[in-house]
Amino acid sequence: KQTSPAQVEFYQAVEDVLESIEPLLEERPKYREHSIIERLVEPERQIMFRVPWMDDDGNIQVNKGYRIEFNSALGPYKGGLRFHPSVNAGIIKFLGFEQIFKNALTGLPIGGGKGGANFNPKGKSDAEIMRFCQSFMSELYRHIGPNTDVPAGDIGVGSREIGYLFGQYKRLANRFDGVLTGKSLLWGGSHARKEATGYGAVYFAQCMMDDKGDSLEGKRCLISGSGNVAIYAMEKLYDLGARPISCSDSSGTIYHEQGIDLDLVKRIKEEQKGRLEEYLETHNNAEYTPRDDYPKDGHSVWRYKADLAFPCATQNELTAKDAQSLLENGCKCIVEGANMPSTQAAVDLFIESGAAYGPGKAANAGGVATSQLEMVQNASMLRWDFDEVDEKLKGIMSNIYHDAKRTAEDFGHPSNLVLGANIAGFRKVADAMIEQGVV
Ligand code: NDP
């Protein structure tokens, strides 16, 4: 039952899971008897706090900070921090809720949590970012710990922010421990963590293509976003012989028929933290559509002809009209790098059409899985090389895919990976909750 109209994304995420697990609840009444749903939808703990900081002009600014520790049945809370002006309790709750099942699907011992702030990093100086991160951690540090809650990055939180957050944690706690993941390789980070979500989504796509007796070789791919997930999805697509032909940011979309110039995108977005529009200064044969010119009912990035689509920006960025356009243009495989990027109506269309559809909570789990590998390395004070982590990531993505697929088949909906992923994730968490008693 919806009790707060403000939490639309959270209700959307809950509805998605509850609908999928209906056949499981029929088969196993014990979940109802133990009130698992009622307990699952209520976070174990929600922390909301003031984040005051001083800007470069000496003005005091105030933001809202959040950490929602949703479920620890399977392990310490684990999930990213998002810094974006759109952040509110409903967004963090939806992300935290998704995280529970995603983390369960990895098969690794991690619970679900999420956090962030309604802070806009765009246009801020380095010193402002540092002061904000220090203030944020000044409250957060008392709630986290290597065996309690281990945050990571998400939108607006990359290696720079993780560095400032970690520095402040260490100063306050006087401990150098693996309390954050996505750290720099110089001081406790893991090889392949930066690449993991994007690479993982492409490994997932590879499993889907394999099952169709096809491959990624020569395939035209639409990507949205141009941040961490989008960049490393494009990198792995090129590695495997596919051709990414689009990407986007919050101001507009680039379409480049001969293939996105990835080095240039990295320079613009990772180094200069600039706008994608600058791509045209180097490639005047590419097409740029500013956000104001997008179709009223969707997003330009999905209106091109392609074989695969990888939404890698943000929630609800792919509408029913976009889904229709993708399917009409021959797109046969949709793999979500972002969290809940397709609206419910878009998902329904994908599933009805018989296209291969990989939901975010399965397809983008490579990031959190590799974060857990970072925790393992930190706890043992060892560092594995890139290939070792990458191999483990590949294995984990293949397991997630096959687990979701097998579960979908067992419940009579072969190829419905939404149902398969939700049931497979839910079952693990629910069984652990029952075994741990009424807590
Ligand atoms: P980044 O901040 O690195 O990049 C986000 C990208 O999406 C940017 O190109 C940004 O544009 C664009 N974007 C963000 N918000 C909006 C918006 N409201 N409208 C249009 N474009 C937008 O984030 P990540 O790449 O890390 O995250 C992308 C998605 O992947 C998110 O849904 C995140 O939750 C999910 N995810 C990330 C993981 C990770 O390991 N990083 C793990 C699993 C999921 P601009 O540059 O203009 O801001």
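What follows draws every value from the coordinates through simple rules; no lab data is involved. If you're wondering where the values come from, they're calculated on a predicted model, not measured in any experiment. Here the Cβ is made from the backbone with ideal geometry for all residues, glycine too, and neighbour counts use every protein chain on show.
What nm distance separates the two modelled labels at Val62 and Ala379, each placed 7 Å from Cα along Cα→Cβ?
For Val62 paired with Ala379, the spin-label model returns 4.0 nm.
Restricting the calculation to Cα positions, tell me the Rg (one decimal) and the Dmax (whole number) of region 8-177 in Å.
Rg, Dmax (Cα atoms, Å): 17.4, 62.
Restricting to bridges with both residues inside the chain, how much of the DSSP beta-bridge set is antiparallel, in percent to the nearest 5?
So the antiparallel bridges amount to about 55 percent of the total.
Based only on Cα atoms, what mean projected area does the convex hull of region 255-361 have, in nm²?
7.1
Positive end of the charge dipole of the chain (Lys, Arg +1 and Asp, Glu -1 on Cβ, about the Cα centre): tell me which of Gly115, Pro52, Gln7 has its Cα farthest that way.
Pro52
Taking Cα centroids, how far is region 284-356 from region 165-189 in Å?
38
Treating the Cα atoms of region 346-406 as identical point scatterers in vacuum, please give the log10 of the normalised Debye intensity I(q)/I(0) at q = 0.14, 0.22, 0.26 Å⁻¹, two decimals.
Debye output, listed in q order: -0.51, -0.90, -1.08.
Convert each backbone phi in region 284-291 into a coupling constant with the Karplus relation 6.51 cos²θ - 1.76 cosθ + 1.60 (shift: θ = phi - 60°), then list the ³J(HN,Hα) values in order as whole Hz, x for Gly and Pro.
7, 8, 7, 10, 10, 10, x, 3
Excluding Thr181 itself, calculate the net charge of residues whose Cβ lies under 10 Å from the Cβ of Thr181, where each Lys or Arg counts +1 and each Asp or Glu counts -1.
Summing Lys/Arg as +1 and Asp/Glu as -1 gives +2.
State to the nearest 20 debye the size of the charge dipole of the chain about its Cα centre, where the only charges are +1 on K and R beta carbons and -1 on D and E beta carbons.
Dipole about the Cα centre, nearest 20: 1120 debye.
Ranked highest first by the average count of other Cβ atoms within 10 Å around their residues, in what order do 194-202, 416-424, 18-26 fall?
The peptides rank, most packed first, as 194-202, 416-424, 18-26.
Run the numbers on the chain and let me know its relative contact order in percent, using alpha-carbon pairs under 8 Å that are six or more apart.
This gives 16 percent for the chain.
Positive end of the charge dipole of region 8-177 (Lys, Arg +1 and Asp, Glu -1 on Cβ, about the Cα centre): tell me which of Phe97, Phe132, Pro23 has its Cα farthest that way.
Among Phe97, Phe132, Pro23, the one farthest towards the positive end of the dipole of region 8-177 is Phe132.
With a 10 Å radius around each residue's Cβ, average the other Cβ atoms per peptide and rank 390-397, 89-96, highest first.
89-96, 390-397
Report Rg (one decimal) and Dmax (nearest whole number) for region 381-439, counting Cα atoms only, units Å.
When restricted to Cα atoms, region 381-439 yields Rg and Dmax of 15.5, 45 Å.
Let me know the shape class of region 320-439, please: from the alpha-carbon gyration tensor, a ≥ b ≥ c as square roots of the eigenvalues, rounded when a/c is under 1.5, otherwise prolate if a/b is greater than b/c, or oblate.
In terms of gyration-tensor shape, oblate.
Classify the chain: rounded, prolate or oblate, from the alpha-carbon gyration tensor (a ≥ b ≥ c, eigenvalue square roots; a/c under 1.5 rounded; otherwise prolate if a/b is larger than b/c)?
Note, shape of the chain comes out rounded.
Please list 231-240, 210-219, 335-344 highest first by mean number of surrounding beta-carbon atoms within 10 Å per residue.
Top to bottom by mean Cβ count within 10 Å: 335-344, 231-240, 210-219.
Pulled fully out, how much extra length does the chain show between Glu409 and Asp293, if you take 0.36 nm times their separation in residues and subtract their Cα-Cα distance?
Extra length available between Glu409 and Asp293 comes to 37.5 nm.
Would you be so kind as to identify which of Ala338, Gly274, Val87 lies farthest towards the positive end of the dipole of the chain, taking Lys and Arg as +1 and Asp and Glu as -1 on Cβ and the Cα centre as origin?
Towards the positive end, the residue furthest out is Val87.
How much length would be gained if the chain were fully extended between Asn399 and Asn120, taking 0.36 nm per residue of separation minus their Cα-Cα distance, in nm to one decimal?
Between Asn399 and Asn120, full extension yields 96.8 nm more.
At 0.36 nm per residue, and after removing the present C-alpha to C-alpha distance, how many nm does the segment from Ser86 to Glu391 gain when stretched out fully?
106.2 nm
Mean Kyte-Doolittle of at least 0.5 and a Cα length of 15 Å or more along the axis: which whole DSSP H helices of the chain meet both?
Helices meeting the span and hydropathy rule in the chain are 89-105, 417-435.
Could I have the simple spin-label model distance between Asn285 and Asp239, label points 7 Å from Cα toward Cβ, reported in nm to one decimal?
2.8
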